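> The following block contains the structure, expressed as structure tokens.
The values are calculated or read from the model by the stated rules, or taken from the named source; none is laboratory data. Note that the coordinates shown come from a computational prediction; the quantities given were computed from them, not determined experimentally. A quick note on method: Cβ atoms are made from the backbone with ideal geometry, for glycine too, and the neighbour counts reach across all protein chains shown.
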Amino acid sequence: MSNTDVIKRMYAAKGDIKVLRDVISPDAEWDITVGFPHGGVYNGLDTIISDFFSFFGDFDEFWAEGDEFWEVDDHVIALGRYQGKAKATGERFTSRFVHIYTLRENKITRLQQTNDTVQISRALGKS
């Protein structure tokens, strides 16, 4: 399995915790844009799942779709978009992202994310 395949598997899982545990390293770091729901830096798989991915509770639907991928050595860069529907407002949104991943032995060890957070904030009724 290529590193890009690992990232595509995570996106296809749409938040399935079992898959997340399969593809994310126990010592991973998640660096999420401030302004994104639960934005900040998270260290360790359990913290990423419990503290970051809990943002899924704000949405009836939420998923990431990769549109373009570049793999160089142990890094994958993904351009794509988040899509979803906010629970509080019922509003749908599409928001572009860039994800830069580092992988080791088919496990994600780091994510650096940047995102146009405006569309998500609007859907959540925060702007």
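> The conditions are (1) under 13 Å from the mean Cα position of the chain (by Cα); (2) surrounded by fewer than 15 Cβ atoms within 10 Å (Cβ to Cβ); (3) not basic (K, R), and F97 fails exactly one of them. Which is it?
The number of the failed condition is (2).
> Another one. Using the structure shown, decide if I108 is part of a strand (DSSP E or B), surrounded by 15 or more Cβ atoms within 10 Å (Cβ to Cβ), at pLDDT 95 or above and within 12 Å of the chain's Cα centre (by Cα).
Values: part of a strand (DSSP E or B): yes; surrounded by 15 or more Cβ atoms within 10 Å (Cβ to Cβ): yes; at pLDDT 95 or above: yes; within 12 Å of the chain's Cα centre (by Cα): yes.
Answer is yes for this residue.
> Among the residues of the stretch 8-23, is there at least one that is assigned to a strand (DSSP E or B), within 12 Å of the chain's Cα centre (by Cα) and modelled with pLDDT of 95 or more?
Taking the stretch 8-23 first, the residues assigned to a strand (DSSP E or B) are none.
No, the conditions are met nowhere in the stretch 8-23.
Matching residues to (1) at pLDDT below 95; (2) on the phi > 0 side of the Ramachandran plot; (3) aromatic (F, W, Y):
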site	(1), (2), (3)
L45	no, no, no
D73	no, yes, no
K85	no, no, no
A88	yes, no, no
L103	no, no, no
T117	yes, no, no
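> If you don't mind, there's one more thing I want to ask. Six or more apart or on different chains, Cβ under 8 Å: which pairs go from a residue in the stretch 5-27 that's surrounded by 14 or more Cβ atoms within 10 Å (Cβ to Cβ) to one that's among the hydroxyl-bearing types (S, T, Y) and not in a loop (DSSP other than H, G, I, E, B)? Could you list them?
I7/Y101; S25/T109
> Kindly list the number of the only condition in (1) exposed (fewer than 15 other Cβ atoms within 10 Å of the Cβ); (2) without any contact (Cβ under 8 Å) to a residue 40 or more places away in the chain; (3) over 16 Å from T102 (Cα atoms) that fails for I49.
Here I49 clears every test but (1).
> Please tell me if R81 is under 20 Å from R9 (Cα atoms), touching a Lys or Arg at 6+ places or on another chain (Cβ under 8 Å), of a type in the set (D, E, K, R) and not in a loop (DSSP other than H, G, I, E, B).
yes
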